[in-house]
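The values are calculated or read from the model by the stated rules, or taken from the named source; none is laboratory data. Every value quoted in this text rests on a predicted model; they were computed, and no experiment measured them. In this analysis, Cβ positions are derived from the backbone assuming ideal geometry, glycine residues included, and neighbour counts consider all displayed protein chains. Heavy atoms of the whole protein, side chains included, go into the accessibility calculation; ligands, DNA and RNA do not. Shrake-Rupley method; radii C 1.70, N 1.55, O 1.52, S 1.80 Å.
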Amino acid sequence: MGNVCGQYRRKTASLAADSDEATAWKATGPSNQWLRLDLGGAYDNLRKVRVVFPTPKATYRYVVEASANGAAWTTIADHSRNPTAGPGEDQFTRPGIRFLRVKITGASAGAEIGVSEFEVYNYLRPDLVVGADISYADQDDNQDHLTYYVDDPATATDVLTSARNAGMRYVRLRVFNTPRDEKTGNYLNPAYQGPDRTLDVAKQVKNLGMGLGIDLHYSDSWADPSKQAKPTDWASLPFNQLVTAVHDYTRDYIQRLVAQGTVPDKVAVGNELIKGFLWGSERAEPWFTDPADWCYDCYFNHDPTFVSKPGGGIDWDDWKSTDPAKRAAYEASWDRFTTLQAAGIRAVHEVAAANHVHIGIETHVIIDNGQFERTQEFWNQFLRRLNAKGQNIDVMGFSYYSEWHGTPDVFESELQTIAAQHPGYKIDIAETSHPSAFSDPIPNSPYPVSVQGQADALLRVFRMVNDLPDNRGLGALVWEPAHFQSMVNWGTSAWPLLQWNASIKAYGVVPPSAPTSVKLKPGDGKLTVTFRPPLAGDPAQLTYQVSADGGMTWRTPTVSTQGDGTVAATLQNLRNGVRYTVSIRAVSPLGGPGAAASAGAVVLSAPPPGPKHP
């Protein structure tokens, strides 16, 4: 991660970060030599450094320093009197680090002065948003009456509650305009995943304390890179009326969500938009030409109404053409697409402003394996044109399925490149998954088709978004974990009682978020902190730690749950007359200590003496 330079022999500095302990950066003198690592951006959850030296049995004396700007340095490990041979490893906690430096101050006789490996470990951040698209929750609850559990069937509950208890923090819900069966064209009754029923599911999500994402498909059925059919009611609208329809529909629906108390944390104006959306006359039908194709018989594929008027499809066929007419067609398709996008984005901004709330806006695309240049062109064109129309987004979203989007290493490199090219935006993995069973090996994936392989694949995605510079990786969502490449243990499940795979515990590896509603109550030689537990994870699995010295040391207090759902933690055997700076944090079995919440500072004092009696 990052770039390495040495005080001398800078051309060989990269040998200290090549994952090969047999190579090394070697200095020119016996002491006071340094090697600096630039991570390319600031990180808040770096926790460990490891330094390996060229001469294994030699003793090296050194200091490790950290900096936010490369100018002001703070010592995080002092081994200037080190008596021990071998690699050095240190743990620390300090937010906002971009630069790390190891300074060699001396070594035993015969030691080569240099560094073989300078390793930095970035832990998962407590604010990493991990969750899933669970849009089928409505059908699970009201059609199939399913319940889910992790270990004990006696704890089985609805899919959203069980997902929250397993550590999911965020749920995305897709919305079809007027839901239709993709194959038959029949309108669904009940209209699952339609606007009205999604309002009810949004209430469930918010009542569970989870983050809420809304994924507007602007279609009556699935919208993805292979098909982006207009809603049937909009199919024959002239383009200017289509723009108005996008704006008004978006404004009215987001306002309904806000009015019922379910403000979305994020809204995606369309789904997997690499080829545009609301396809019209710019993309001639049929979109599926082989009768063996899944959607050859889909209701829209041979209906000329859907392509009778212009829409928002992107004309990639003419991207690199030098023919003036074809180039003009390419540019015109971009103008239509971004005009429609700007209408939807503007509507979200209007609702947020009118209600004095914040609603993040995401644009969600893909990076097809081997077509990274096309995705780069998408972002360059899209952001430039959108900004010119007076609009902007907050989050650049990506799907990641290795069978379509390449190996984890390649995909992570591409994300890092996008982050460097567009530094003003957050980045998230809007969809991902990996099978645990019932599948051949997945192309481009190093992980087997097994429960452990599923867990390892998800954690790899969590790490790749967590490791984006400047903490810009927002989070990652698994797509429909109870249905597609599911996380359900079908060997132990008995419909309608379903057991999650052990891979669901991957969510628990992310450290807990901070407790909320923290209040401090001082007493005689003691203090009590009351708070609400973090919103994700099973509260029964969490323990708590309290610091009374500003986070330098932590103690595990006695805790009790109050009638209103708050938790009280009490520290005993404190000294009256001493000022204590108090913080509280949750600790999960897998994720370890989470983010701390400040409870403030207080000076303890004994209660005043009671009245004297003769």
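Can you compute the helix-only [θ] at 222 nm over the chain? Use -39500 (n - 2.57) per DSSP H run of at least 4 residues, normalise by all residues, nearest 500 deg cm²/dmol.
Values: 9 runs with 130 residues, N = 614.
Dividing the helical sum by the residues of the chain leaves -7000 deg cm²/dmol.
To the nearest 20 Debye, how big is the dipole of the chain about its Cα centre, given +1 on the beta carbon of each Lys and Arg and -1 on that of each Asp and Glu? All intermediate terms of the calculation are to be shown ahead of the outcome.
Working: 56 positive and 66 negative charges, 664 e Å.
Dipole magnitude for the chain comes out near 3180 debye.
Shape of the stretch 345-489 from its Cα gyration tensor (a ≥ b ≥ c, root eigenvalues): rounded if a/c is under 1.5, otherwise prolate when a/b > b/c, or oblate? Numbers along the way, then the final one.
Numbers: a/c = 2.34, a/b = 1.67, b/c = 1.41.
Here the stretch 345-489 falls in the prolate category.
Could you point to the residue in THR530, LEU477, VAL201 farthest towards the positive end of the chain's charge dipole, with +1 and -1 charges on the Cβ of Lys/Arg and Asp/Glu respectively?
Going by the Cα projections, it comes out as THR530.
Any idea what angle helix 408-421 forms with the longest principal axis of the chain, computed on alpha-carbon atoms, 0 to 90 degrees, nearest 10?
Between helix and principal axis, roughly 90 degrees.
Please say if the stretch 162-282 is rounded, prolate or oblate, where rounded means a/c under 1.5 for a ≥ b ≥ c the square roots of the C-alpha gyration tensor eigenvalues, and otherwise the choice is prolate for a/b larger than b/c and oblate otherwise?
Details: a/c = 1.88, a/b = 1.69, b/c = 1.11.
Judged from the Cα gyration tensor, the stretch 162-282 comes out prolate (a/c at least 1.5, a/b above b/c).
Counting only C-alpha contacts under 8 Å and six or more residues apart, can you give the relative contact order of the chain as a whole percent? The partial results should precede the final answer.
Details: 1389 pairs, mean separation 70.2, N = 614.
Reported relative contact order: 11 percent.
Out of GLN452, SER503, TYR425, whose Cα points farthest toward the positive end of the dipole of the stretch 422-546 (charges: +1 Lys, Arg; -1 Asp, Glu; placed on Cβ)?
Of the listed residues, the answer is TYR425.
Rounded to the nearest 0.05, what FRET efficiency do TRP319 and ALA292 give with R0 = 41 Å and r taken as the Cβ-Cβ distance? Could you check? Display every interim value, and only then the final one.
On the way: r = 29 Å, r/R0 = 0.70.
Given R0 = 41 Å and the Cβ-Cβ separation, E is 0.90.
Along each of the three principal axes of the Cα atoms of the stretch 272-331, give the extent in whole Å, ordering the values from largest to smallest.
36, 23, 22
Residues with amide H under 5 Å of GLN33's amide H, sequence separation 5 or more or different chain, H placed in the peptide plane at 1.01 Å from N; which?
Answer set, sorted by chain and number: ILE104.
Read phi for every residue in the stretch 566-577 and hand back ³J(HN,Hα) as whole Hz from Karplus 6.51 cos²θ - 1.76 cosθ + 1.60, θ = phi - 60°, with x for Gly and Pro.
6, 10, 10, 10, 10, 9, 9, 6, 9, 9, 5, x
Tell me which of GLY114, LEU124, THR93 sits at the most positive position along the dipole axis of the stretch 83-168, charges placed on C-beta atoms (Lys, Arg +1; Asp, Glu -1).
Most positive-ward Cα: GLY114.
With a cap of 13 neighbouring Cβ atoms within 10 Å, and only residues DSSP puts in a loop, list the chymotrypsin sites (Phe, Trp or Tyr not before Pro) found in the stretch 361-467. It would help to have the intermediate numbers written out before the result.
Working: sites: PHE372, PHE378, TRP379, PHE382, PHE398, TYR400, TYR401, TRP404, PHE411, TYR425, PHE438, PHE462; in loops: TYR401, TYR425, PHE438.
Counting only loop positions with at most 13 other Cβ atoms within 10 Å, the chymotrypsin sites (Phe, Trp or Tyr not before Pro) in the stretch 361-467 are PHE438.
Can you give the longest run of the chain that contains no GluC sites (Glu not before Pro) sitting in a DSSP loop with at most 16 other Cβ atoms inside 10 Å? Could you put the intermediate results ahead of the total?
Values: sites that count: GLU21, GLU112.
For GluC sites (Glu not before Pro) (loop position, at most 16 other Cβ atoms within 10 Å), the longest site-free span of the chain is 113-614.
List the residues, sorted by chain then number, that are 5 or more residues from ASP215 or on another chain and whose placed amide H is less than 5 Å from its amide H.
For ASP215, the qualifying residues are LEU173, ARG174, VAL175, ALA268.
Pull up the DSSP beta bridges for the chain and report the antiparallel fraction as a percent, rounded to 5. All intermediate terms of the calculation are to be shown ahead of the outcome.
Numbers: 73 of 112 bridges.
Just about 65 percent of them are antiparallel.
Along the stretch 75-92, what does the Karplus equation 6.51 cos²θ - 1.76 cosθ + 1.60 (θ = phi - 60°) give for ³J(HN,Hα), rounded to whole Hz, x for Gly and Pro?
3J(HN,Hα) across the stretch 75-92, in whole Hz: 6, 10, 7, 10, 10, 5, 10, 4, x, 10, 7, x, x, x, 9, 9, 10, 7.
Suppose all protein chains stay in the model; what accessible area per residue would a 1.4 Å probe give for the chain, in Å²? Let's see the in-between values first.
Details: 26100 Å² over 614 residues.
Solvent-accessible surface per residue comes out at 43 Å².
Over the stretch 259-344, what is the relative contact order in percent, taking alpha-carbon pairs closer than 8 angstrom and at least six residues apart? Kindly include the intermediate steps, with their values, before the conclusion.
Numbers: 93 pairs, mean separation 25.2, N = 86.
Across the stretch 259-344, relative contact order equals 29 percent.
Where the accessible area of the stretch 6-128 is counted over protein heavy atoms with a 1.4 Å probe, how much of it, in %, is carbon and sulfur? Don't jump to the answer; show the numbers that get you there.
Details: 2640 of 5850 Å².
Carbon and sulfur together cover 45 percent of it.
Using the Karplus curve 6.51 cos²θ - 1.76 cosθ + 1.60 with θ = phi - 60°, work out ³J(HN,Hα) for each residue of the stretch 108-118 in order, rounded to whole Hz, and write x for Gly and Pro.
So the J values, rounded to whole Hz, are 5, 4, x, 6, 7, 7, x, 9, 7, 8, 10.
Angle between the Cα long axis of helix 451-466 and the longest principal axis of the chain, 0 to 90 degrees, nearest 10?
Result, in degrees: 80.
Tilt of helix 324-355 relative to the longest C-alpha principal axis of the chain, in degrees (0 to 90, nearest 10)?
Taking Cα atoms only, the helix is inclined about 60 degrees.
What are the semi-axes of the equivalent ellipsoid of the stretch 520-596, taken as the square roots of 5 times the eigenvalues of the Cα gyration tensor, listed largest first and rounded to whole Å?
Working: eigenvalues 97, 43, 16 Å².
Taking √(5λ) for each eigenvalue gives 22, 15, 9 Å, largest first.
Just flag the trypsin sites (Lys or Arg not before Pro) in the stretch 274-375 sitting in loop per DSSP whose Cβ has no more than 13 other Cβ atoms within 10 Å. Intermediate values should be presented prior to the final figure.
Values: sites: LYS275, ARG283, LYS320, LYS326, ARG327, ARG336, ARG346, ARG374; in loops: LYS275, ARG283, LYS320.
The qualifying sites are LYS320.
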